[in-house]
1. Consider only pairs whose beta carbons are under 6 Å apart and that are at least six residues apart or on different chains; among these, list those whose first residue lies in region 87-99 and is without any contact (Cβ under 8 Å) to a residue 24 or more places away in the chain and whose second residue is part of a strand (DSSP E or B) and surrounded by fewer than 13 Cβ atoms within 10 Å (Cβ to Cβ).
2. Just name the residue that is surrounded by the fewest Cβ atoms within 10 Å (Cβ to Cβ) out of those in region 1-37 that are over 16 Å from the mean Cα position of the chain (by Cα), within 19 Å of residue 95 (Cα to Cα) and at pLDDT 55 or above.
3. Which of the residues spanning region 99-120 are in a loop (DSSP other than H, G, I, E, B) and within 17 Å of residue 39 (Cβ to Cβ)?
4. Among what's in region 63-95 and is outside any loop (DSSP other than H, G, I, E, B) and loosely packed, with under 15 Cβ neighbours inside 10 Å, pick the residue that is modelled with the lowest pLDDT.
5. Against the definition (crowded, with 17+ Cβ neighbours inside 10 Å, part of a strand (DSSP E or B), touching a strand residue (DSSP E or B) at 6+ places or on another chain (Cβ under 7 Å) and modelled with pLDDT of 95 or more), how does residue 126 come out, yes or no?
6. Could you grab me the full set of residues in region 19-46 that are under 23 Å from residue 102 (Cβ atoms) and out of contact with any strand residue (DSSP E or B) (no Cβ under 6 Å at 6 or more places or on another chain)?
7. Could you say whether any residue in region 51-58 is more than 16 Å from residue 107 (Cα to Cα) and either under 15 Å from the mean Cα position of the chain (by Cα) or modelled with pLDDT of 85 or more (or both)?
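The values are calculated or read from the model by the stated rules, or taken from the named source; none is laboratory data. Everything numeric in this text was worked out from a predicted model, so none of it was measured. FYI the Cβ positions are ideal-geometry reconstructions off the backbone, even for glycines, and counts take in every protein chain you see.
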């Protein structure tokens with residue numbers, strides 16, 4: 001998936017994302033406190049020039065109740081607490097810039113629910129945001 005952005009009349013930027021790591025299977029909790037459901041360990045060091053995009057899907061297993069999920073790095077919350085009140089999966093995307101990623105850094109997805117509900121997450125992805133600049137032909 002990519003998109004083009006005009007930089008100047010003679011240059012164009014093509015931006016896209018590439019999945020570097022993923023944890024796809026669904027996992028759920030009925031705990032009212034944040035509980036780790038998914039984890040991705042970096043198997044190589046990356047020092048991106050741009051953004052890193054972390055994406056996941058969240059849903060409630062009971063309609064009209066609320067579930068939450070939040071992205072962590074090495075056990076510390078770094079993302080926004082996202083909430084979902086619907087039965088269908090909702091996709092959440094957050095962009096981060098890191099200059100200190102290390103081999104075996106761990107990115108986790110924690111979730112919690114309201115009483116009588118299950119929070120379910122799936123498709124936890126760690127993406128690189130790639131940008132290439134091209135000169136246009138005159």
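1. none
2. Within region 1-37, the subset over 16 Å from the mean Cα position of the chain (by Cα) is 2-15, 28-35.
So of that shortlist, the ones also within 19 Å of residue 95 (Cα to Cα) come out as 2-5, 13-15.
Subset that is at pLDDT 55 or above: 14-15.
On the way: 14: 13, 15: 15.
Looking at residues that are over 16 Å from the mean Cα position of the chain (by Cα), within 19 Å of residue 95 (Cα to Cα) and at pLDDT 55 or above, I get 14.
3. Residues of region 99-120 that are in a loop (DSSP other than H, G, I, E, B), as a first pass: 99-105, 114-118.
If the condition is that a residue be in a loop (DSSP other than H, G, I, E, B) and within 17 Å of residue 39 (Cβ to Cβ), then 101, 102, 103, 104, 105 are the ones that fit.
4. Just the residues of region 63-95 that are outside any loop (DSSP other than H, G, I, E, B), to begin with: 67-73, 76-77, 82-84, 90-95.
Filter once more, keeping what is loosely packed, with under 15 Cβ neighbours inside 10 Å: 76-77, 91, 93, 95.
Details: 76: 98, 77: 98, 91: 97, 93: 96, 95: 92.
Across region 63-95, the extreme among qualifying residues is 95.
5. On the way: crowded, with 17+ Cβ neighbours inside 10 Å: yes; part of a strand (DSSP E or B): yes; touching a strand residue (DSSP E or B) at 6+ places or on another chain (Cβ under 7 Å): yes; modelled with pLDDT of 95 or more: no.
It is false that residue 126 is crowded, with 17+ Cβ neighbours inside 10 Å, part of a strand (DSSP E or B), touching a strand residue (DSSP E or B) at 6+ places or on another chain (Cβ under 7 Å) and modelled with pLDDT of 95 or more.
6. The answer is 42, 43, 44, 45, 46.
7. Here is the first cut: in region 51-58, the residues more than 16 Å from residue 107 (Cα to Cα) are 58.
With the extra rule that they be either under 15 Å from the mean Cα position of the chain (by Cα) or modelled with pLDDT of 85 or more (or both), the set shrinks to 58.
Yes: one or more hits.
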